[in-house]
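Written out below as structure tokens is the structure these notes cover.
Every number in this text was worked out from the coordinates using simple rules, so none of it is lab data. Fair warning: this is a prediction, and the values are worked out from it, not measured in the lab. Glycine gets a Cβ as well: all are built from the backbone with ideal geometry, and neighbour counts include every protein chain shown.
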Amino acid sequence: DAKTTQPPSMDCAEGRAANLPCNHSTISGNEYVYWYRQIHSQGPQYIIHGLKNNETNEMASLIITEDRKSSTLILPHATLRDTAVYYCIVLNSGGSNYKLTFGKGTLLTVNP
Amino acid sequence: DTAVSQTPKYLVTQMGNDKSIKCEQNLGHDTMYWYKQDSKKFLKIMFSYNNKELIINETVPNRFSPKSPDKAHLNLHINSLELGDSAVYFCASSLPGQGIEAFFGQGTRLTVV
């Protein structure tokens with residue numbers, strides 16, 4: 001029951017910025033946008049999350065449109081180790097019902 | 001130090017057997033989860049526990065029984081294993097009430113033959 005739509009795959013050259021889009025047109029006012037990634041054969045890894053404002057941390061930047069119906073995860077300088085499946089998740093934060101609903105995600109392949 | 005650790009990493013067993021997967025977290029989190037990733041790579045939540053109390057049970061067969069002896073541990077016991085139980089099982093933990101970041105273990109690949 002993922003509330004998001006992502007392209008199934010993308011390619012990026014090593015050292016360039018990777019921009020991963022996500023549509024979440026049915027997002028409601030108190031729902032956050034989260035990004036996780038899963039490197040092959042590993043557990044999912046948290047990247048970043050946001051509500052309305054753009055966010056940046058040591059891993060990535062998150063750009064959320066003003067109407068909040070879409071967002072873009074930016075990896076500023078992609079490396080080969082960033083090859084992974086990236087999941088965009090809409091989550092009603094708070095409470096103990098923290099239930100991540102993973103969709104199919106985007107397989108990002110970083111090429112040398 | 002591994003934040004969320006699962007054992008074993010690989011488990012191969014015959015149909016009908018009973019097996020357990022153990023999970024421990026050293027992050028001081030109150031909430032722990034089990035997720036299942038099937039052959040099509042879909043990740044789905046199975047259970048969540050908050051401070052040893054069951055919070056979420058996503059219509060998982062009764063053959064699956066989570067047990068939380070304390071808030072740092074959430075084990076998954078599976079009875080009468082079936083071929084369709086073959087999957088990668090991930091344990092995770094997070095702080096309750098914030099839902100900011102969940103930490104996942106490295107997974108247990110269960111193969112039922």
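Numbers for the structure displayed
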item	result
Per-residue mean of C-beta atoms belonging to partner chains within 10 Å, peptide B:35-44	4
Straight-distance crosslink candidates among aspartates and glutamates, where the alpha carbon sits under 14 Å from B:LYS36 and sequence neighbours closer than 8 are dropped	B:GLU58, B:ASP85
Whole-Hz couplings from phi, Karplus 6.51/-1.76/1.60, listed for the stretch B:24-38; x for Gly and Pro	9, 10, 10, 9, x, 6, 8, 10, 10, 9, 10, 10, 10, 10, 7
Relative contact order of the stretch A:1-84, defined on C-alpha pairs under 8 angstrom at six or more residues apart (%)	33 percent
Over 32 Å between alpha carbons, listed pairs A:LYS52/B:LYS9; A:LYS99/B:LYS22; B:LYS41/B:LYS67; A:LYS69/B:LYS52	A:LYS52/B:LYS9; A:LYS69/B:LYS52
Equivalent ellipsoid, the protein assembly as shown (semi-axes from 5 times Cα gyration tensor eigenvalues, Å)	30, 20, 16
Cα-based shape type of the stretch A:6-101, given that a ≥ b ≥ c are square roots of the gyration tensor eigenvalues and the cut on a/c is 1.5	prolate
At 0.692 mPa s and 37 °C, Stokes diffusion of chain B via Kirkwood alpha-carbon radius, µm² per second	236 µm²/s
Candidate aspartates and glutamates - alpha carbon under 14 Å from B:LYS71, same-chain residues fewer than 8 apart omitted	B:GLU24, B:ASP30, B:GLU53
Relative contact order, percent, chain B [alpha-carbon distance under 8 Å, six or more residues apart]	36 percent
Cα-centred dipole magnitude for chain A, charges only on beta-carbon of K, R (+1) and D, E (-1), debye, nearest 20	180 debye
